Amino acid sequence: MNNDVNFKKQRIVRIICTYRMGGSFGTGFFIKNTGELLTCAHVIFGQGLKEIRNDQNFIAIIAGNDHDRLRKFYENKITSLQVELSNGQKVNAELIKFDEKHDIALLKINSKREIEFFELDADNDLNYDDEVFFCGYQLTTSYQPKDYPFTVNRGIVSSFPKIAICGEEYPHIQVNSINLGGNSGAPVFKQGSSEVVGIVNGNMNWGADNLAFINDQGQTKKDVLRIPLSIAYATTLKLIKLESSILSW
């Protein structure tokens with residue numbers, strides 16, 4: 001068991017995805033030494049997913065529960081999928097499969113060397129007041145998306161709301177921690193552990209956007225900032241193991 005942040009950073013990547021309707025950024029983490037990694041499905045498909053869900057072909061595929069056709073449908077829309085390793089190297093990634101109901105995707109990179117990866121704890125029950133933390137590439141207004149810095153956020157498990165964020169409605173972990181864009185796909189750990197127990201997939205912010213500021217010259221400036229009063233949501237690997245096939249390959 002290793003709780004060192006540098007140990008974790010070596011196993012966590014930035015996800016960079018471009019598609020015909022724009023692009024998206026997020027976080028992912030390795031789960032096998034052969035290059036498999038997990039992230040959120042919405043990190044891969046971005047805001048374009050809302051339009052895609054109204055596509056009649058997509059609706060027919062969903063109705064038939066045909067995941068092979070569904071994967072091909074999305075791959076036709078994705079123009080580039082890369083991961084940026086902790087050393088800054090960018091490599092192409094392949095979408096292996098995904099579960100849109102639980103907002104999770106399995107990717108793979110090809111590597112000539114063995115990849116450092118996390119052990120998964122899909123049997124651990126999280127309880128109220130458990131201390132947890134997650135690591136990812138969080139949005140920061142001072143940086144361009146490609147330069148989002150690596151961050152660590154800590155909090156306690158405060159609730160288990162049954163809500164729909166990007167997937168269907170199911171019980172989530174609610175963590176009283178700052179969580180801004182870019183952390184989607186970040187691994188969640190219990191305090192003192194290096195085994196992944198969940199994956200961050202959403203937040204709820206009470207901050208105000210487009211605040212007006214007056215500098216020392218009396219000039220008013222508007223900028224997009226968010227007061228960091230937020231709640232992080234995550235999906236447990238135990239639930240994914242019970243309800244999804246994403247961890248069986």
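Looking at Asn203, Asn153, which is the one that is without any contact (Cβ under 8 Å) to a residue 60 or more places away in the chain, surrounded by 13 or more Cβ atoms within 10 Å (Cβ to Cβ) and outside any loop (DSSP other than H, G, I, E, B)? Every option except Asn203 fails the conditions.
Being without any contact (Cβ under 8 Å) to a residue 24 or more places away in the chain and not in a loop (DSSP other than H, G, I, E, B) is the filter here; which residues of the stretch 87-134 pass it?
The answer is Val91, Asn92, Glu94.
Condition check: assigned by TED's automatic domain parsing to the domain that holds Asp55 and farther than 30 Å from Ala60 by Cβ. Does Lys112 satisfy that? Please lay out each step first, then the result.
Numbers: assigned by TED's automatic domain parsing to the domain that holds Asp55: yes; farther than 30 Å from Ala60 by Cβ: yes.
Considered against the rule, which asks whether it is assigned by TED's automatic domain parsing to the domain that holds Asp55 and farther than 30 Å from Ala60 by Cβ, Lys112 comes out as yes.
When the stretch 157-194 is filtered for residues that are assigned to a strand (DSSP E or B) and small (Gly, Ala, Ser), the ones remaining, listed by number, are Ser158, Ser159. Filtered by the rule that a residue be touching a helix residue (DSSP H, G or I) at 6+ places or on another chain (Cβ under 8 Å) and modelled with pLDDT under 85, the stretch 61-94 gives Ile61, Ile62, Arg69, Leu70, Phe73, Tyr74, Lys77, Ile78.
Among the residues of the stretch 84-93 satisfying the criterion of being over 15 Å from Arg113 (Cβ atoms) and touching a strand residue (DSSP E or B) at 6+ places or on another chain (Cβ under 7 Å), which is surrounded by the most Cβ atoms within 10 Å (Cβ to Cβ)? If we take residues in the stretch 84-93 being over 15 Å from Arg113 (Cβ atoms) and touching a strand residue (DSSP E or B) at 6+ places or on another chain (Cβ under 7 Å), then Ala93 is surrounded by the most Cβ atoms within 10 Å (Cβ to Cβ).
The values are calculated or read from the model by the stated rules, or taken from the named source; none is laboratory data. Bear in mind that the values here come from a model prediction, so they are computed numbers and not experimental data. FYI the Cβ positions are ideal-geometry reconstructions off the backbone, even for glycines, and counts take in every protein chain you see.
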